[in-house]
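A short write-up of the structure that comes next.
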Amino acid sequence: MPGLLILMVVMTLGWAFWSSARGAAERATELGSRACHAAGVQLLDQTVHASGIRLRRGDDGRLGFERTFRFEYSEAGDDRHVGKLVLRGDRLVGFVGPMLT
């Protein structure tokens, strides 16, 4: 019986981590798309890719995940540039990418 309880706890934690990661990826895609649209450039592949995760303390001192996402954009259609988004929880804390024109 304790083995089943441990398995259920591990599965619940795994589901929570996966769900949080999916939510962060959707938020990063939305932010990357908005930034590219505002700058008048094209978001290539219409998506972002997770490139890192680490534990960081937030402004309130609590531990949370800081996720880094990478995306590519094009200014003229025949070039590729790399951008980066950093999310701490659901909040954007770092951005490197297209600038507003």
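The values are calculated or read from the model by the stated rules, or taken from the named source; none is laboratory data. What you are looking at is a predicted structure, and each value in this text was computed from that prediction instead of being measured. Here the Cβ is made from the backbone with ideal geometry for all residues, glycine too, and neighbour counts use every protein chain on show. All accessible areas refer to the heavy atoms of the entire protein, side chains included, with ligands and DNA or RNA removed. Shrake-Rupley method; radii C 1.70, N 1.55, O 1.52, S 1.80 Å.
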Item to check | Residues located in segment 46-101, provided they are under 14 Å from the mean Cα position of the chain (by Cα) and among the aromatic types (Phe, Trp, Tyr) | outcome: PHE65, PHE69, PHE71, PHE95
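Looking at segment 79-96, which of the residues that are closer than 20 Å to ARG22 by Cβ and in a strand (DSSP E or B) is most open to solvent (accessible area, probe 1.4 Å)?
Initially, segment 79-96 is screened for residues closer than 20 Å to ARG22 by Cβ, giving 84-93.
Among the residues that remain, those that are also in a strand (DSSP E or B) are: 84-88, 91-93.
Details: LYS84: 94, LEU85: 1, VAL86: 19, LEU87: 1, ARG88: 54, ARG91: 116, LEU92: 71, VAL93: 58 Å².
It comes out as ARG91.
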Next on the checklist: Residues that are under 12 Å from the mean Cα position of the chain (by Cα) and open to solvent by 80 Å² or more (accessible area, probe 1.4 Å): does segment 4-21 have at least one?
Outcome noted: no
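Listed here are the residues, each with its yes/no results for (1) touching an Asp or Glu at 6+ places or on another chain (Cβ under 7 Å); (2) open to solvent by 40 Å² or more (accessible area, probe 1.4 Å); (3) under 15 Å from MET99 (Cβ atoms).
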residue: HIS37; (1), (2), (3): no, yes, yes
residue: GLY52; (1), (2), (3): no, no, no
residue: ARG56; (1), (2), (3): yes, yes, no
residue: LEU63; (1), (2), (3): no, yes, no
residue: GLU66; (1), (2), (3): no, no, no
residue: PHE69; (1), (2), (3): no, no, no
residue: GLU75; (1), (2), (3): no, yes, yes
Checklist entry - Which members of segment 53-89 meet the condition of being touching a helix residue (DSSP H, G or I) at 6+ places or on another chain (Cβ under 6 Å) and not aromatic (Phe, Trp, Tyr)? => result ARG67, GLU72, SER74, LEU85, LEU87
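Can you name every residue in segment 1-33 that is among the charged types (D, E, K, R) and without any contact (Cβ under 8 Å) to a residue 24 or more places away in the chain? Lay out the reasoning, then the answer.
To start, the set of residues in segment 1-33 that are among the charged types (D, E, K, R) comprises 22, 26-27, 30.
ARG22, GLU26, GLU30 - these are the residues of segment 1-33 that are among the charged types (D, E, K, R) and without any contact (Cβ under 8 Å) to a residue 24 or more places away in the chain.
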Next on the checklist: Contact list please: Cβ distance under 8 Å, first residue in segment 61-78 and within 30 Å of ALA16 (Cβ to Cβ), second residue among the hydrophobic types (A, V, I, L, M, F, W, C) and open to solvent by 90 Å² or more (accessible area, probe 1.4 Å), pairs at least six apart or on different chains.
Outcome noted: LEU63/LEU55; GLY64/LEU55; PHE65/LEU55; GLU66/LEU55
